[in-house]
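K.L.:
Once you've had a glance at the structure underneath, I'll fire off some questions.
The values are calculated or read from the model by the stated rules, or taken from the named source; none is laboratory data. Since this is a predicted model, take the numbers as computed values, not measurements. Counting neighbours? That spans all protein chains shown, and the Cβs are built from the backbone with ideal geometry, glycine included.
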């Protein structure tokens, strides 16, 4: 089913799939109530899983994972049977052309495009690069417009590496794509990826000589409003921001939060101007404020925030990484996240209460959730 904006929605008979990628393997869980799960795994034990996508387009469920083996290196694998079997191209799904002199280090992001662009899947990688697949994520081609950008030599590595960690194709316009990277900031293409321009006006960079440079910001994650594609939200290395004009300018909306640092930001799949963040105390401590984990939600575009802690364990000294959180498309919306301490939480009421569904895993790197038809 689709809502008025074209986003996939879920009905009451849906099976809920939860995918959890960690430093050592992948867990896949199914549930009827988003509280009690049956998990399989670990899949790919001893491989790091920094990125996952659940692609439910074209009437089937394909799970795509960016995995990184210390022995075999990084690649993208996919399963069409909920992890019973996995396939990957013999020569790798993502391979740098010889003239680049580069090799793939990590797949930070896998992003299926909208339902009316079947087969198209995007990837963001390390070294900082964007890739496009037209065969459902089996093979990817390097976006030369971003790779050959004159700013590329000045993009640095964040604490976790040089990451193109967000790729957001616009559902309203196939030629508009946003990318966020650490470090480099937000870039936008309006010609399908042929060229890219920095779009960081208003986003801070306190670690640089100029607080708001044209580029170089360490934007941790961006997300798009479901009903207003021109509205974007960003969690920065200091600052939470909203843009009402496709990233041309940004306003800080962190007032009312206990900290303006964090890694993840999520937007509501059906309702405008609703977003979630999980604040972290910066910079050196990097734990939840006062050691108390809390999810904060705005329902008015950042004018105000509400804190939710019901079901979250205390004390908590572990952070939630940028892709270790996700929402589904059910009603009410489910919210899911995992910590670097290996606890995974699930909420079936838009983040107002949580239950732990997995514990004592390796560091949780990526969480994805979706309703599927069995």
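K.L.:
Would you be able to tell me the number of residues in segment 18-38 that are part of a strand (DSSP E or B) and more than 21 Å from residue 320 (Cα to Cα)? Walk me through it before giving the result.
P.N.:
First pass over segment 18-38, keeping only residues part of a strand (DSSP E or B): 18-22, 25-31, 38.
From what's left, more than 21 Å from residue 320 (Cα to Cα): 30-31, 38.
Of the residues in that region, 3 qualify.
K.L.:
Can you tell me which residues in segment 94-114 are over 21 Å from residue 42 (Cβ atoms) and under 21 Å from the mean Cα position of the chain (by Cα)?
P.N.:
The answer is 94, 104, 105, 109, 111, 112, 113, 114.
K.L.:
Might you let me know whether segment 211-221 holds any residue that is closer than 22 Å to residue 328 by Cα and surrounded by 23 or more Cβ atoms within 10 Å (Cβ to Cβ)?
P.N.:
Of all residues in segment 211-221, those closer than 22 Å to residue 328 by Cα come to 220-221.
Restricting the remaining residues to those that are surrounded by 23 or more Cβ atoms within 10 Å (Cβ to Cβ) gives 220-221.
Yes; the residues of segment 211-221 include at least one that is closer than 22 Å to residue 328 by Cα and surrounded by 23 or more Cβ atoms within 10 Å (Cβ to Cβ).
K.L.:
Does segment 205-219 contain any residue that is in contact with a helix residue (DSSP H, G or I) (Cβ under 9 Å, 6 or more places away or on another chain) and in contact (Cβ under 8 Å) with a residue 12 or more places away in the chain?
P.N.:
yes
K.L.:
State the number of residues belonging to segment 43-78 that are assigned to a strand (DSSP E or B) and surrounded by fewer than 19 Cβ atoms within 10 Å (Cβ to Cβ).
P.N.:
Looking only at that region, the number is 2.
To keep it simple, each residue is scored yes or no on (1) touching a residue at least 40 places away in the same chain (Cβ under 8 Å); (2) more than 21 Å from residue 327 (Cβ to Cβ); (3) touching a helix residue (DSSP H, G or I) at 6+ places or on another chain (Cβ under 7 Å); (4) surrounded by fewer than 21 Cβ atoms within 10 Å (Cβ to Cβ).
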{"site": "229", "(1), (2), (3), (4)": "yes, no, no, yes"}
{"site": "236", "(1), (2), (3), (4)": "no, no, no, no"}
{"site": "240", "(1), (2), (3), (4)": "yes, no, no, no"}
{"site": "247", "(1), (2), (3), (4)": "yes, yes, no, no"}
{"site": "265", "(1), (2), (3), (4)": "yes, no, no, no"}
{"site": "290", "(1), (2), (3), (4)": "no, yes, no, yes"}
{"site": "295", "(1), (2), (3), (4)": "yes, no, no, no"}
{"site": "301", "(1), (2), (3), (4)": "yes, no, no, yes"}
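K.L.:
On the basis of being touching a residue at least 40 places away in the same chain (Cβ under 8 Å), surrounded by fewer than 21 Cβ atoms within 10 Å (Cβ to Cβ) and over 30 Å from residue 141 (Cβ atoms), does residue 251 make the cut? Step through it out loud before you land on a result.
P.N.:
Values: touching a residue at least 40 places away in the same chain (Cβ under 8 Å): yes; surrounded by fewer than 21 Cβ atoms within 10 Å (Cβ to Cβ): yes; over 30 Å from residue 141 (Cβ atoms): yes.
It is true that residue 251 is touching a residue at least 40 places away in the same chain (Cβ under 8 Å), surrounded by fewer than 21 Cβ atoms within 10 Å (Cβ to Cβ) and over 30 Å from residue 141 (Cβ atoms).
K.L.:
Then there is this: Would you mind telling me which numbered condition in (1) surrounded by 22 or more Cβ atoms within 10 Å (Cβ to Cβ); (2) in a strand (DSSP E or B) residue 104 fails?
P.N.:
(2)
K.L.:
Further question on the same structure: Select from segment 152-169 the residues that are at pLDDT 95 or above and touching a strand residue (DSSP E or B) at 6+ places or on another chain (Cβ under 7 Å) and write down the one among them that is surrounded by the fewest Cβ atoms within 10 Å (Cβ to Cβ).
P.N.:
Among them, the one singled out is 155.
K.L.:
I would also like to ask the following. Pick out the one residue from 86, 122 that is under 26 Å from residue 226 (Cβ atoms) and surrounded by 13 or more Cβ atoms within 10 Å (Cβ to Cβ).
P.N.:
It is 122.
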